[in-house]
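S.K.: Here's a structure for you.
The values are calculated or read from the model by the stated rules, or taken from the named source; none is laboratory data. No experiment lies behind these values; they were computed from the predicted model shown. Please note: Cβ atoms are built from the backbone with ideal geometry, for glycine as well, and neighbour counts cover all protein chains shown.
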Amino acid sequence: MQLQGELRPRGTYRRRYRGVLQALGAVRRADGLRGLQKGLAAGLLYQGLMNGVRFYCYSHAEDRGLTQRPGGTVAAGAIAGALGAFVGSPAYLVKTHLQAQTVAAMAVGHQHNHQGVSSAFETIYRKQGLVGLWRGVNGAVPRVMVGSAVQLATFASARVGGDAQVVHGGQLDGGLGRRHDQQRGGGRGDDALRRGQHQAL
């Protein structure tokens with residue numbers, strides 16, 4: 001849906017995809033059920049690379065205490081997201097190429113006709129060089145930076161709040177436990193005193 005009509009004025013092209021459900025049906029008829037999962041392998045590769053780098057960098061920033069500074073969680077999340085998006089950009093490019101491929105009757109945008117993930121990497125490298133694998137990275141980095149900054153900062157805030165409740169609850173439980181033990185101990189002492197008085201009488 002994003003590719004149809006690219007760089008063309010409205011009304012000068014045929015809209016083959018008019019909504020989510022209609023697009024799902026069109027892809028199903030043109031490419032079968034497997035067509036709905038096009039680019040899945042490349043997408044999983046992208047998620048693994050991007051999130052692996054992102055979480056590693058953020059964890060490293062936490063270990064160095066950078067997230068304890070004012071605005072540190074937002075800055076660390078944004079930088080970690082930028083690095084993750086940069087590393088995963090080639091996989092995201094291949095995913096986009098594979099997802100756009102379809103039969104001529106339903107095709108929108110340029111058709112690269114890759115045979116698979118490895119074939120796509122090889123073709124892009126052969127035609128455009130190493131730099132070609134990072135085509136579109138300038139648009140991917142800001143998008144992931146914003147999402148990563150919000151996501152990791154929110155996660156860190158929620159985690160700190162949850163840890164504080166657990167610690168507070170533990171102290172409360174411990175205090176009640178000690179109070180209960182003291183009461184039990186006091187009760188035992190009173191019983192011993194009464195037995196002693198009874199024996200003296």
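S.K.: Checking GLY65 against (1) crowded, with 23+ Cβ neighbours inside 10 Å; (2) on the phi > 0 side of the Ramachandran plot, which single condition isn't satisfied?
M.R.: Every condition holds for GLY65 apart from (1).
So that you can scan it fast, the table gives a plain yes or no per residue for (1) in a helix (DSSP H, G or I); (2) in contact (Cβ under 8 Å) with a residue 60 or more places away in the chain; (3) under 18 Å from the mean Cα position of the chain (by Cα):
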{"position": "TYR56", "(1), (2), (3)": "yes, no, yes"}
{"position": "ALA75", "(1), (2), (3)": "yes, yes, yes"}
{"position": "ALA82", "(1), (2), (3)": "yes, yes, yes"}
{"position": "VAL87", "(1), (2), (3)": "yes, no, yes"}
{"position": "LEU98", "(1), (2), (3)": "yes, yes, no"}
{"position": "HIS110", "(1), (2), (3)": "no, no, no"}
{"position": "SER119", "(1), (2), (3)": "yes, no, no"}
{"position": "LYS127", "(1), (2), (3)": "yes, no, no"}
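S.K.: Are any residues in the stretch 132-183 modelled with pLDDT under 90 and among the polar types (S, T, N, Q), and if so, which ones?
M.R.: SER157, GLN165, GLN171, GLN182, GLN183
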